[in-house]
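Visitor: Have a look at the structure that comes next, please.
The values are calculated or read from the model by the stated rules, or taken from the named source; none is laboratory data. This one's a predicted model, so the numbers in the text were calculated from it and none came from an experiment. Neighbour counts run over all protein chains shown; Cβ positions are idealised from the backbone, glycine included. Note: areas computed on protein heavy atoms with side chains; ligands, DNA, RNA excluded. Shrake-Rupley method; radii C 1.70, N 1.55, O 1.52, S 1.80 Å.
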Amino acid sequence: MIRLALISSTETSEAYGALITRLHRAVWTVYAPANSGESGQALGKVTEAASADAILADQTDAFDALVIDTDPASTARLAKAASSLSKPILAGPAGGKLGALGQADTLLMPAHPWRFIPSIQSVKRSIDAGKLGQAGLLRIHRWLPPDEGGGSLSEHILPDADLACWLFGGAPKTVWSLQSAANPDYIQFHLGFANDGMAMIDVAASLPSGGDYFSLTMIGDTGAVYADDHHNMNLLYAGGQPNAIRTSQGRSDLADQLQEFVDAIGEQREATVTLADTSRAAAVAAQVIESAQTKKVVEGRAGN
Amino acid sequence: MADPKKTFRAGVLSVVKHDYLPRAVAAHPRFKLVVVADDADQPDWVHERNQLFADEFGIPYVRDVPKAIAEYNLDLAAVSSEAERHCDLAVRAADAGLHVIADKPMSTRLSECDRLVEAVQRNDIKFLLWNRNYLPAVIQAKEAVQSGAIGELHAIHVDFYFSKDAGPSKGTRQPGDPPINWLERQIEAHADGSDGGVGNEAMGELQIEGIYPLGYVQLLTGQNVQRVFARTATHFHQANVDNHVDDLATVSLELENGIVGSLCIGRIGAAGHPDIGEIKIHAVGSKGGIVISEARPEVSIHYRDQPPLEFKNERIANENDFLLMDDFARALDTGCETILNARIGRDIAATVFAAVESGNTGQPVEVTPLK
C-alpha cells in the first residue's frame with residue numbers, strides 16, 4: 001500500500017476525500033494545508049502538518065509519495081523543494097513552471113487533469129483504437145467565466161495545447177493565432193501538425209459568472225468523434241425560458257489521474273503524463289502568444 | 001414599387017446540378033417558371049439535364065439564351081449551371097435587364113464576381129446568391145445576436161462538416177489507374193445529389209460550400225473579412241487528391257471592427273456523422289456566448305431495416321427555400337437589397353479565394369476588396 005501525502009486547499013482535499021473508496025493500492029496518511037487554516041479532515045484519519053514546508057521537513061517518514069495540488073506558482077515551488085526527497089510527486093497543474101525542474105531521478109508526474117475527463121478519454125480511446133483513422137482536424141471551443149479561467153493567458157492555453165499535441169501525437173509544425181483586441185481574454189489558435197493535421201482552438205475567459213462550455217471534435221479519415229457540452233445539456237423549467245443544465249462527468253478526472261500516479265509508482269514505470277508533455281504544451285502556448293503578438297506564422301519549436 | 005400581386009416570370013438558365021434552386025422558384029406562388037434555356041454549344045449531358053427538367057415542368061427548352069430572353073417576357077433568370085458559367089450567364093441576364101438568382105458558389109474566378117457586381121449595379125437589377133441564411137436555427141442565431149443578448153460581438157466560429165462521401169476514398173487508386181476526372185466524377189454524383197462541384201474546373205470544399213458558413217459570418221456580424229490564414233488538406237476523397245483540391249480546411253478570419261472568426265469545413269465522409277453533418281455556430285460577445293446547432297429543429301427517426309446512409313435525424317420546419325424566394329420577391333417589390341446580394345457574395349468569394357491561397361502558401365493573405 002502506497003502512503004500518500006497531500007498539499008492542497010480544504011476544497012481540493014474534500015474532492016480527493018470523496019475518492020478514497022475508489023483508490024486502489026494507496027492510502028492518504030498526511031495532509032498539509034496550502035494556506036493556514038485549511039483542513040484535510042475529508043481525507044479521514046491522517047496526520048495534519050502545520051504547513052506545506054513542514055510536511056517536507058518533518059513528516060517525510062510518514063508518506064511514500066506526494067500530491068501537490070495548489071496554485072501554479074506554489075505547486076512549482078513546492079515541487080522543487082520536494083524533489084530532494086527522492087519521492088514520487090504528482091504536481092499541478094503548474095503550467096510551464098514545472099519545466100524548470102528538468103529531468104528528475106524519481107517519478108514526477110505533472111497533473112494534466114483535462115486528459116482524464118471521461119469524454120476526453122473516450123476521444124483518445126477512439127483514436128488509439130483506430131476508429132477514426134488518420135487524425136485530420138481537431139476543433140475545440142473552451143469558454144470560461146473569468147473566475148474559472150484564472151491565471152495567465154499562457155495557463156489558459158496550455159490545457160488545449162496539450163490536448164492537441166497529445167491527440168495528434170506530436171508538436172505542431174506551425175502556429176498561428178489571433179487575439180481579440182476588444183477582449184484580451186479571448187484567443188484563437190490554429191495549429192498545423194504532421195500529415196496535414198490541423199487544430200483550430202478558441203479559448204475565451206470572458207463568459208459571465210456561472211457555467212463554462214467545452215466542445216471538442218476530432219475528425220479522422222474514417223470517422224469522427226464529438227465531445228460536446230451542447231449535446232449533454234438537460235432542461236430545467238422554473239418559469240420563463242428553460243435553463244440548460246449540463247450533466248456532470250463526475251470527478252473521474254481526478255480519480256483516474258491519481259490512480260495512474262499510484263500505478264506508475266507500483267509498476268515502477270513512467271507515468272502516461274510526463275514533464276516533457278508539460279514542457280511541450282508550454283512551448284506551444286508560448287508560440288501561440290508570440291504569433292498573436294507578432295501577427296506572424298511561428299514555426300513550431302517544441303520537441304515531440 | 002412593383003405590383004405586390006404580380007407573378008414574376010422566370011427563365012432557368014441551365015440546370016445541370018442538384019436542382020433545388022429552380023424548384024424553389026417554381027414552388028413560390030409569386031414566381032412561375034416559363035422556360036429553360038442554355039447555349040447551343042454546350043455538351044450533350046448538359047442538354048439532356050436541361051431537357052429533363054423542362055419536361056418535368058412542362059415548359060420548353062430553348063438552346064439559345066438570347067432568344068429565350070427575347071421571346072418569353074422574362075422578369076428574372078435562375079442560374080444553376082456549372083460554377084464556372086454562373087457569372088457569365090448572370091451577367092448576360094443582367095445586361096438584358098433581368099433580375100438574377102444564382103446558385104453557389106458565385107464563380108471559380110474573382111474577376112468574374114467583380115464583373116457580375118458591376119453588371120448588377122449598371123443595370124440596377126436585383127441579385128440573390130443562394131444560401132442557407134433562413135434556416136430556423138440561423139434565424140434564431142441572428143435574433144439572439146441582434147437582440148444584444150451576448151453584447152458586442154467579439155468572435156464568431158462556424159463548424160461546417162458535410163458527412164457525404166465523394167467517390168472512392170483517398171488512397172484507393174491502384175498503380176496504373178488514371179486519376180479521377182473531376183467532371184466525370186461530378187456527373188456521376190448527380191445520382192445522389194452530391195454534385196455541388198459540377199464543372200470542368202475542380203473545386204475544393206472551401207470553394208463549393210464555403211459560401212454557406214461565411215454567409216452566416218457575414219449575416220451575424222454585418223462585416224467583411226479583411227485577412228485570412230488557412231490550412232487546407234485532402235484527407236478523404238481520391239477525386240480531391242487527384243485534382244489537387246481540398247476536402248478539409250480550417251480558416252482564421254480577421255473581420256472589420258476587430259471581430260475575430262474562424263471556419264472549419266470539410267466533406268468528411270458518410271461515416272463521420274449520422275446525418276448530413278455537424279454544423280454549428282459559436283459566437284462570443286461582451287456579455288456572453290451562444291451555441292447554435294444549424295440542424296435544429298429535427299426529429300429522430302429509427303426503424304428496422306433502415307438504410308445505413310439514411311439520416312437518423314430529420315430536419316423539420318425548414319422553410320429556407322421559401323423564405324429566400326420571399327426575400328427575393330420583397331426585393332423586387334420594394335427595391336430593397338436581398339439577404340445575400342452580389343456585393344456580399346463577391347466579398348465572400350474573395351474570402352474563399354484568399355483562404356485557398358493561404359492554404360497553398362502557408363501565410364496569411366489579405367482579402368481583395370472590390371475596386
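Visitor: Quick check: the distance between the Cα centres of the range B:292-354 and the range B:192-256, to the nearest angstrom?
Guide: Rounded to whole Å, the Cα centres lie 17 Å apart.
Visitor: How shielded is B:246-255 by partner chains, expressed as the average number of their Cβ atoms within 10 Å of its Cβ atoms?
Guide: On the way: counts 1, 2, 7, 3, 11, 2, 8, 2, 2, 0.
That works out to 4 on average.
Visitor: Next question. What does the accessible area of B:LEU135 come to, in Å² to the nearest 10, when a probe of 1.4 Å is used?
Guide: The accessible area of B:LEU135 comes to roughly 10 Å².
Visitor: Using a 10 Å cut-off around each Cβ of peptide A:174-182, what is the average number of partner chain Cβ atoms that fall inside? Working shown, then result.
Guide: Values: counts 4, 0, 9, 3, 10, 1, 6, 5, 10.
Across the residues of A:174-182, the mean count of other-chain Cβ atoms within 10 Å is 5.
Visitor: Same structure, new question: Mind jotting down the three principal axis lengths of chain A based on Cα atoms? Whole angstrom, largest first.
Guide: 53, 51, 40
Visitor: Treating only the Cβ of Lys, Arg, Asp and Glu as charged (+1, +1, -1, -1), what charge dipole size does the range A:2-111 show about its Cα centre? Round to the nearest 20 debye.
Guide: 300
Visitor: Over chain B, with a Gaussian network built from C-alpha contacts below 10 Å, which listed residue (B:GLY285, B:GLY269, B:GLY359) shows the highest mean-square fluctuation?
Guide: Highest fluctuation of the listed residues: B:GLY285.
Visitor: Which value results when the Cα radius of gyration for chain B is divided by 2.2 N^0.38 Å?
Guide: Numbers: Rg = 20.3 Å, N = 371, 2.2 N^0.38 = 20.8 Å.
Chain B yields a ratio of 0.97.
Visitor: Counting partner chain Cβ atoms within 10 Å of every residue's Cβ in B:232-244, what's the average? Don't skip to the answer; put the middle values down first.
Guide: Values: counts 2, 8, 1, 12, 7, 1, 0, 0, 0, 0, 0, 0, 0.
Going residue by residue through B:232-244 and averaging, the value is 2.
Visitor: Specify which residue in the list B:PHE53, B:HIS273, A:PHE214 is farthest towards the positive end of the charge dipole of the protein assembly as shown, using unit charges on the beta carbon of Lys, Arg (+1) and Asp, Glu (-1), about the Cα centre.
Guide: Of the options given, the answer is A:PHE214.
Visitor: On to the next question. Charges at C-beta only: +1 for Lys and Arg, -1 for Asp and Glu. How large is the resulting dipole of chain B about its Cα centre, in Debye rounded to 20? Intermediate values should be presented prior to the final figure.
Guide: Working: 36 positive and 54 negative charges, 160 e Å.
Dipole of chain B, to the nearest 20 debye: 760 debye.
Visitor: Give the distance, in whole Å, between the Cα centre of the range B:41-58 and the Cα centre of the range A:16-75.
Guide: So the separation of the two Cα centres works out to 79 Å.
Visitor: Which Rg and Dmax, in Å, describe the Cα atoms of the protein assembly as shown?
Guide: Radius of gyration, then largest Cα-Cα span, for the protein assembly as shown: 28.8, 101 Å.
Visitor: With +1 on each Lys and Arg Cβ and -1 on each Asp and Glu Cβ, how big is the dipole of chain A about its Cα centre, in debye rounded to the nearest 20?
Guide: Numbers: 22 positive and 33 negative charges, 105 e Å.
With Lys and Arg at +1 and Asp and Glu at -1, about 500 debye.
Visitor: For chain B, give me the percentage of DSSP beta bridges that are antiparallel, rounded to the nearest 5 percent.
Guide: Details: 33 of 61 bridges.
DSSP beta bridges in chain B are roughly 55 percent antiparallel.
Visitor: Heavy atoms of the protein only, probe of 1.4 Å, neighbouring chains included. What is the accessible area of A:PHE193 in Å², nearest 10?
Guide: Its heavy atoms expose roughly 20 Å² to the probe.
Visitor: Ignoring solvent entirely, what values of log10 I(q)/I(0) come out of the Debye formula for the range B:157-254 at 0.14 Å⁻¹ when each Cα is a single scatterer?
Guide: -0.57
Visitor: Please compute P(r) over all alpha-carbon pairs of the range A:2-111, binned at 5 Å starting from zero, and give each bin as a whole-number percent.
Guide: 2, 14, 26, 27, 19, 10, 2
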